[in-house]
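For reference, the structure discussed in these notes is given below.
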Amino acid sequence: MGEIEEAIERAEEESFTRQPPKTLKGQIGYLLKQMGSAKAVAQELGVTADSVNRYRRGARKHARADVAAKIDDAVRQRWQPQVRKRRQRQAAATGGITVETRARFGYTAPVGTTDDGRFRRLTVHLPPAYAQRLFDARDAGASDQQMRDIIASGFKDVYFKDGGSRAVGLSDVSLNDIDYLDVDF
């Protein structure tokens, strides 16, 4: 999972109306409901179906650290899908997304201007069209670079060009060397 996909995932988790199960038994019970069988859960987690059944019954109270992390990730990915979809629809229709980042931005600009990339810390609210493009790209399995290009395009239009009122000759912006990136919608 790339940096941008992780940032979107964190933003979705902030919108949860209830917390996911915290106990191992509760998490396994939830995964069994979602996936239908111990065999399917076992394949997802990389353990045996017997181990899944032991977790479900409470015969094993604690999983290995790597398995516990996989269980937690699997639960969080499936938790409250309707809440996630509602927030995404709202961001893509009316709200847009806010991207906060510290990264190196590179430019393609006309001769006589500086196009040296440099680190900037930016917080920019991108319109709903960019949110829709970003969500569509993520759902289609786009690479992290493709999602960076969508965000860089939004920064170019909204921040650098200010809707067309400045930096008229700026033709391309690239987002490189991300220190951190956070998304809110």
Residue within segment 88-109 that is outside any loop (DSSP other than H, G, I, E, B), within 28 Å of LEU45 (Cβ to Cβ) and at pLDDT 90 or above present: yes
Considering residues of segment 58-76 that are part of a helix (DSSP H, G or I) and in contact with a helix residue (DSSP H, G or I) (Cβ under 8 Å, 6 or more places away or on another chain) only, the residue farthest from ALA11 (Cα to Cα): VAL67
Residue check, ILE8 within 22 Å of the chain's Cα centre (by Cα) and closer than 20 Å to ARG86 by Cβ: yes
Residue that is most open to solvent (accessible area, probe 1.4 Å) [pool: residues in segment 22-43 that are without any contact (Cβ under 8 Å) to a residue 24 or more places away in the chain and either of a type in the set (S, T, N, Q) or touching a Cys at 6+ places or on another chain (Cβ under 7 Å) (or both)]: GLN43
Total residues in segment 44-58, condition more than 28 Å from the chain's Cα centre (by Cα) and open to solvent by 70 Å² or more (accessible area, probe 1.4 Å): 5
Cβ pairs under 6 Å, 6+ apart, first in segment 130-157 and free of Cβ contacts under 8 Å to residues at least 60 places away in the same chain and open to solvent by 30 Å² or more (accessible area, probe 1.4 Å), second outside any helix (DSSP H, G or I) and not basic (Lys, Arg): LYS156/VAL173
Unmet requirement for GLN19, which otherwise passes all of (1) over 25 Å from GLY141 (Cα atoms); (2) touching a helix residue (DSSP H, G or I) at 6+ places or on another chain (Cβ under 9 Å); (3) of a type outside the set (D, E, K, R); (4) free of Cβ contacts under 8 Å to residues at least 60 places away in the same chain: (2)
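The values are calculated or read from the model by the stated rules, or taken from the named source; none is laboratory data. Remember, it's a predicted structure, so these values are computed and weren't measured experimentally. FYI the Cβ positions are ideal-geometry reconstructions off the backbone, even for glycines, and counts take in every protein chain you see. In case anyone asks, the SASA skips ligands and DNA or RNA and just uses the protein heavy atoms, side chains included. Shrake-Rupley method; radii C 1.70, N 1.55, O 1.52, S 1.80 Å.
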